[in-house]
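Worksheet for the structure shown next.
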Amino acid sequence: MSGTQPTPSAKRDVPETPAAVATPDNLESSTAPMPTPHTVRMRTNLPLQVVRFGIVNLRMLRMVLKSHK
Amino acid sequence: MARVVVLGAGISGHTAALHLRRMLDATHEVVVVSPKADWNWIPSNIWVGVGRMTASQVTFPLAPVYVKKGIDFRQAKAVALHPEGDGDQRRSSVDVVYTMAAREGETERIEYDYLINATGPKLNFAATPGLGPDGHTLSVCTAEHAELTADAFAEVIRKLEQGEHQTLVIGVGHGTCTCEGAAFEYTFNVEHELRMRGLRDRADVIYLTNEYELGDFGVGGMSFKQNGFVTTSQLWTESLFKERGVKALSRAHVQRVEEGRLHYETLDGEEGALDFDFAMLLPPFRGADLLAFDRKGDEITSDVFAPSGFLKVDANYTAKPFEEWRAEDWPRTYLTPKYPNLFGIGIAFAPPHPISRPRTSAKGTVISPAPPRTGMPSGLMGRQVARSIADMIQKGATTPTHTASMAEMGAACVASAGAGFRKGTAAAMTMFPVVPDYVKFPGYGRSLTDTTGEIGLAGHWIKHMLHLMFIYKAKGRPGWFLVPE
C-alpha cells in the first residue's frame, strides 16, 4: 500500500536477560565479490540456462559414474 | 532361506530394500521395519516449507509399493537388538513395537540372518530447551513439520503485506547440528518468496549457523575453479548473502529459545539474544536410541552403539586431533566389527569424527558442524550393502564384497535458492570426494575437476528433475534401478 510506513513489531513481554539483544551484522563489509547485473541476468537467461542444464547434468553424471565404480 | 531385515525406510533403507528384493531370489525374505507409513523425498520439504508444494507431493504410502515388490513391511519402531540371539535362541533378532493403528503398541521379536540399521536421525529438539514445533521454533525436517512452517510463513507474509516489519531467523538450533545446506536452502527460498512479492524491504532475514565460515556446509568448505582462479565456497556463499541482503550470525550455538527470543553463545564466548517473529531452526541429530543385549540378556548398548546412538561400523574411532584425521578413518563396508550380519548405513552409522575442523567455545561449548550424510551417499551405501548381503547369501561370500566410503565417492548437491520455472535459481554443486583426502588430492583435499559450483535457473530445473526422478525410483516403477543413486 503506497505511503504506508512499516511499523516495528510490538515489543514482546519477555523477561529481561543480562545478555544484550543484538542483531547480526550484514555482510556489506565482506570481501566476497558481488555479481555484476549482467551475471545476475544470465542466471535466468533461458537459452544460456538450457545449455547449462545440459552441462551440469553431464558433470553430475560423470561424478555419479565415478562414485559408482 | 535367509531373512534380511531393514530398519528404516528412508533414502538409505528403502534403496537397500528395493535392491535386495531385486537381487535375491524369491526363497529369501526381505522385511522392512519402519515407524512411518509414508516415504518422504526430504530434499523437497524446503518447498513445502514455503508453500510451493504440499506434503502429498513429497510423500507416498510405502505399503502398496512393498506389496507390489514382495517386501514384507512392518509399520513398527525397532527398540532393541539381540545380535547374538537370546538364551537358547541362537538366531539374531530385533524387538519392535507396532505404530500402525490396528496394532499400535504390540511388540514382536523378528529374527534375522542379516540386518541393516538404516533408522536415520532422531530429531533431537530436546537438546535445546524451547526448540522445535512443540516449543517456539519451526522445522522442515518432516513433511508435516514443513506444512506447519508454511502456515507460519503465510502469516508472516500477511503481516508484511499489512506494513509490519518482520524478523525471520533461519538456521540451526544447536552447536553440533548438521544439515547446514538445508538451512541455507530454506533461507534463500524464503528470501526469494519475499522478494517476488515485493515485501523484501520490510523483513530482516538472518541465517544463524554453527559454521565457522559461511560455505562450510559441514564438509569443511570446498575449493573450485572459477574464471581462472581457485576460489572458496566461503567467498562464493558470502557473495550470495551480500547480493540478497541476508545477514549472518555464524559460529553460534543456540542455548535456549523462548517465545519470540533465542539466546545464543558464540565461539569467542560471547552471549547474546536475538528477537524474532519467525524462526526455523533445524535440530541436532541422534541415533534412534536402540538398545542392544547379548545372549545372556546383559545390556551391550555402549559396545554396539556410540554415545550419540549411531551404530559403530568399520571406521577408525580412535580419538585423535584434527591434523591426524585421514580418509581411511571412514567406513567402507558398513559392517559392525563384531557381528558379521549387522550393518549400519545412511545417518544411522557412527562417523569416526566430523569433516569440518572441531571447535569449542571459550566456555567449553562444542560449536562446529557434525558431518552430513546426504542423499546420494546414503543411497549408494544402501545399494552397496544390499549387493554385499546378496553375495553373502547367494554366493557364499564371507565378508562384504562392495564398498561405499564417503572418502571414495562424490556427492551432487543442488541447493535451491528460490523456486519458479522462469525465475527460480539453485546452487548446483558437486564435490569429489565427500570426505577430503589430502593424500590423493594434495592442497585442496578434493578434485578441482569434479568439485564445482554454479548458481542459475538450470540448477532449479535440475532439483525439480531430481524430485520427479527419485520419487519415480522410490515407487519402484519400471526401470527404477536404472536411476543412479
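List of remarks:
- Shape call, the stretch B:415-480: gyration tensor on alpha carbons, a/c limit 1.5: oblate
- Environment charge of B:D298, counting only residues whose C-beta is closer than 12 Å and scoring Lys/Arg +1, Asp/Glu -1: -3
- A cut-off under 12 angstrom between Cβ atoms defines the neighbours of B:R90, and their net charge, with Lys, Arg +1 and Asp, Glu -1, is -3.
- Pair B:A154, B:V79: separation of 7 Å Cα→Cβ label points (nm): 3.8 nm
- 14 Å beta-carbon shell around B:V33, net charge (K/R +1, D/E -1): 0
- Whether the stretch B:348-485 is rounded, prolate or oblate, judged on the alpha carbon gyration tensor where a/c under 1.5 counts as rounded: oblate
- Folded to 0 to 90 degrees: helix B:457-474 orientation relative to chain B principal axis, Cα: 20 degrees
- The angle between the Cα long axis of helix B:233-244 and the longest principal axis of the Cα atoms of chain B comes to about 50 degrees, rounded to the nearest 10.
- Cα-projected label distance for B:V439 with B:K363, points at 7 Å along beta-carbon direction, nm: 4.1 nm
- Between B:F229 and A:L46, the C-beta separation translates, for a Förster distance of 25 Å, into a calculated FRET efficiency of about 0.35.
- Cleavage-rule hits, GluC sites (Glu not before Pro), the stretch B:257-349, DSSP coil, Cβ neighbours within 10 Å at most 13: B:E259
- A Förster radius of 22 Å combined with the Cβ-Cβ distance from B:D88 to B:D298 puts the calculated FRET efficiency at roughly 0.85.
- Distance (nanometres) between label positions extended 7 Å along Cα→Cβ at A:T36 and B:F481: 5.2 nm
- Annotation: amide H-H contacts under 5 Å for B:F349 (H modelled 1.01 Å from N, sequence separation of 5 or more, or interchain): B:L311.
- Under 5 Å between amide hydrogens, built in the peptide plane, is the criterion, and for B:E29 it picks out B:A2, B:R3, B:V4 among residues at least 5 positions away or on other chains.
- Anisotropy class assigned to the protein assembly as shown is prolate, per the alpha carbon gyration tensor with a/c at or over the 1.5 cut-off and a/b larger than b/c.
- Placing R0 at 45 angstrom, the Cβ-Cβ distance between B:Q394 and B:D134 gives a FRET efficiency of 0.45 after rounding to 0.05.
- Segment B:T27-B:E328, extension gain: residue separation times 0.36 nm, minus the distance between their alpha carbons: 104.6 nm
Only the coordinates and a few stated rules stand behind these numbers; no lab work does. What you see is a predicted model, and the numbers here were worked out from it, not measured in a lab. Cβ coordinates were reconstructed from backbone atoms using ideal geometry, including for glycine residues, and neighbour counts include every protein chain displayed.
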